[in-house]
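Just so it is clear, none of the values below were taken in a lab; they were calculated from the coordinates. Keep in mind that this is a model prediction, so the values were computed, not measured. No Cβ is skipped: glycine too gets one built from the backbone with ideal geometry, and neighbour counts run over all protein chains shown.
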């Protein structure tokens, strides 16, 4: 593929309370950028030497820690409609209940929003951009006790996932890319084959359900590792039908994450070239047929075919 | 010695039926006979098994989210019916409704989904097809996935590291591989009956065995009111025993005592715990019970040297053993619905069997599956597809003996102060302090070190350890955990043995089966006067 995995994904902005003001963190080109922090590396060195915490940079670091974390695919959305309902306030509440009294200070801002204090904390933000989700969101501090014991990454990851659906999809895409043939972990993806197969199954099946009105149990998914885009074949009829789907992990990054899985009745199996908001894709009109080239464009209501 | 008979008697479970055992060695010092399985275990496709489990978890999540068609109703209605789940936001509910998401009509679909994956993960781990850690991870991930979607209360995410939640379902995660305690556990058979008086009420007390394991010392005790008067409505007698009982040793040191246990209005069983622990070199302890002379128990004797045996189990038959254990449970439980399931639902062993079949761990003609099919036929249960295609096989002789005596009420009344160790097994060191028999059943008191922390209290330790017994008259016995206490990797267990012990039996082999081996001890049934 010529285009990078994120080429069909539009930018997403998050507003983060950082220092004394509201900062913007923009996800673009496959990774988040702290727009008000032109020298993040330098600031990280200063922070490591005892300087003030910078929530914007904390978010970047958390992203970096989890952009190849397979747990993202286990917890994250299976489709754009699959909404994670837990909020950062709930996570903070749960974390609070685990804390010995006095370890964390927390106060309520006017308007009922949280601000938390503690090492590695994020803060409030507002999401805008391609996701078009408005609302006040907040990620609280990662408790020191959980950082030093057990599995702190899970709580940190939950906070990241609670930011917004568009970011969840982008993070999932990043993880899928990391474990695809051309990703940084592609050479050891065999070891993660069960988790990757499950991740693919959990996302292909809802898409197929929408495409062909089939039941989840009628879909059999396998990882495709050879040349070409894979295969989709239908066995049997009606209730006895079985749809056998073989797709590479990269399908999750290039196709599923941008929401391209099903466009105008076509099942997209690959992206040939993309420059958001347009993309040239390979798509099937029905199982067993050869894929056709389509040009699709992202509009307000989602992707649609603009040229066949 | 019964240990040898284990290898030769055509024992029910698959490894035994295969007859692939040979005597390997006999430790002359300990007298432990060791038998090993011959033949290399067949390779399991672990990747296939893990993939199957993970894909099943995905399927269960989809079920919980409502992708499956069928008998469904509105997810919004479902959520609003359950007060413990917070109201969903209007925008979300609208998106759900517009997308047509439905959920199967189940009481708590996400809970059932978790239970199914827990069962499947346990079965695959017990079969050796996946590691315990993977099973725990998959369950923890699914639990987190349904929690963050609001399908179970968010509080379920509590508990520190989320994987510790899964360890509740997988006690192996918390198995403490404790070394044999130093100094070693001391077991002293007492077997003494005394009559004392509490608040004017005569009480018969049986002092069984003392177990001292370095950190605790406990004397097993059974007490029964002598029915010569109506029991007064006062403090329960065990509390009076605790208040009025004292102990002192030959060095003049005195000990505090507390009682743990339970019972009915006129009959109690439990332990008298001594504080501090009597030091090594203590020769005797005098227990002063109210209304009678002190009862002196010697504590400087050697533990009983009863015949023991060890048997390694073939790894490639772990799935069969797991299924057989579940089938035997089903056989003895009859068609009573599982308390964790809706009435009429498939028994959990069927879930496990279907999973093991789907993961390629067993085939349709697997002997353990055939035994399950036979038991289902006997109980009139319809197994779900594809298990309904499994041909019924013969029931093992052990199971037939179990059924033959299941309703008998002719157990010999009495007690045996066993006070003997079993060989170590999978990091656990167990001692049997006492065997008590009644007409209906029998109980075994066990003290265990290196014992896993109880997780799923409904079936504690089921996947790791299983207790059974066999007598020298050809009878087989199964156990259920009737009571337990746990502290710092040590546990006291009360196991109920059923059916009632055959009065013709003269020896009972008590068997502890782990994942890789089983150990046993042969107890002569020299019944003492019970209460």
Give the calculated FRET efficiency between residue B:333 and residue A:33 to the nearest 0.05, with a Förster radius of 45 Å applied to their Cβ-Cβ distance. 0.15
What spacing in nm lies between the two simple spin-label points modelled at residue B:111 and residue B:409, each 7 Å away from Cα in the Cβ direction? 3.6 nm
Report, in whole Å, the centroid distance computed from the Cα atoms of segment A:152-203 and segment B:252-310. 59 Å
Inter-chain shielding metric for A:192-203, i.e. average beta-carbon neighbours from other chains within 10 angstrom, reads 6
One finds, for residue A:61 and residue A:181 with R0 = 22 angstrom and r their Cβ-Cβ distance, a FRET efficiency to the nearest 0.05 of 0.20
Could you tell me the distance between the Cα centroids of segment A:277-291 and segment B:416-443, to the nearest Å? 68 Å
According to a simple spin-label model (label point 7 Å from Cα along Cα-to-Cβ), what is the distance in nm between residue B:195 and residue B:288? 2.3 nm
At 0.36 nm per residue, minus the direct Cα-Cα distance, what do residue B:400 and residue B:202 gain on full extension? Give it in nm, one decimal, please. 66.9 nm
Please compute the contact order of segment A:179-307 in relative form: average sequence separation of alpha-carbon pairs under 8 Å and at least six residues apart, divided by the residue count, as a percent. 17 percent
Per residue, the convex hull enclosing the alpha carbons of segment B:186-298 has a volume in Å³ of 87 Å³
Computed FRET efficiency, Cβ-Cβ of residue A:289 and residue A:192, R0 41 Å: what is it to the nearest 0.05? 0.85
What whole-number distance in Å separates the alpha-carbon centres of segment A:29-81 and segment A:215-257? 33 Å
Shape of segment A:179-307 from its Cα gyration tensor (a ≥ b ≥ c, root eigenvalues): rounded if a/c is under 1.5, otherwise prolate when a/b > b/c, or oblate? oblate
Pseudo-spin-label distance residue A:26 to residue B:266, built 7 Å along Cα→Cβ, given in nm, is 8.7 nm
